[in-house]
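A quick write-up on the structure given underneath.
FYI, it's all coordinate maths here, none of it is from the lab. Owing to the predicted nature of the structure, the values given are computational and were not obtained by experimental measurement. Every residue, glycine as well, gets a Cβ built from its backbone with ideal geometry; the counts of neighbours run over all protein chains shown.
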Amino acid sequence: MSKKHYPDFLLVGAARAGTTAIDRYLRQHPEIFLPRVKEPCFFAFAGMTTEYKRGKFSFAVTDSESYEKLFKDRKPNQLAGDLSTPYLFLYKQTLENIQRYHPDPKRLRIVILLRQPVDRAYSQYRWRLRDGREELSFAEAVAAEPIRKREGFSFDYLYLERSYYAAALQAYRDQFLHVHIIFYEDLRKDPLLVMQGLCRFLGVDPEFPFEAIGEVNGTWSPRYPWLSRLVTFEHPLKYRLLNRIPGHWRDSIRAGFTKINAVKHAEEQLDPEYRRQLTERFTEDILAVQSITGRNLASWLQ
């Protein structure tokens, strides 16, 4: 892989912690280049075929030649990025593939987004529900995780398991000199301040006047679940065709579909007692993340 056609930074997850918002902001910055494929997932699945029973990751770019082509249009003065949330959960194989394929891994900058683990898990569940890909209640889906894993479901259905961060966070910290942590709560509170900090970390103009964006990739209930399943079916040809369409056109198509199929109402909240019980499962991991990052995460334990 030539140095011209590789990313200078990776945003490695977590899923449902603000990646889409960061993507929308970074695409505004003239010193940043992001490929049309939002989540190439190359370093997670390089040289592999994804054969999950459900949640197939058909959009993943798995060969180095195709991955290089994603960056062919970057300008000489631009930093290139790859925003792929599986890189956090599949950190072991991702780190191995970075060393195997990236021409200069020591210079890579790593960005990690973190969110209260139960809230992140529930948001992931609501996203699967929105896309017509989940039939169980949240409690049933949580109980079914071990069975689904054995049956070959992808980690998009491992709602709780995908919310453990400490081991992956420590592994990235051990391997890379430059690691930047963004907390979802900060992004929601003051996104422009978060973007200034991220720009400083990446070494691009932090005073760039980002245009504020509204909620992106939100969750809603589908009016017609069969329509959601039809629109979100996974096939490599579908993604190859979509990736040829300019981003603003894809956004318009997505907005039109949402207008037709979305039922907007107050999002169903988790039962507080059940949320507390689930949070207790993460106590050790949360304290480890707190130790690694130096961030007081008492609010995550509530």
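How about the stretch 110-140: which GluC sites (Glu not before Pro) there are in a DSSP loop, with at most 10 other Cβ atoms within 10 Å of their Cβ?
Working: sites: Glu134, Glu135, Glu140; in loops: Glu134, Glu135.
When the GluC sites (Glu not before Pro) of the stretch 110-140 are filtered for loop state and at most 10 Cβ neighbours within 10 Å, Glu135 remain.
Between beta-carbons, use under 9 Å as the cut-off and find the net charge around Gly152, counting Lys and Arg +1, Asp and Glu -1.
Working: positive: Lys53, Arg54, Arg148, Lys149, Arg150; negative: Glu51, Glu151.
Surrounding charge for Gly152 is +3.
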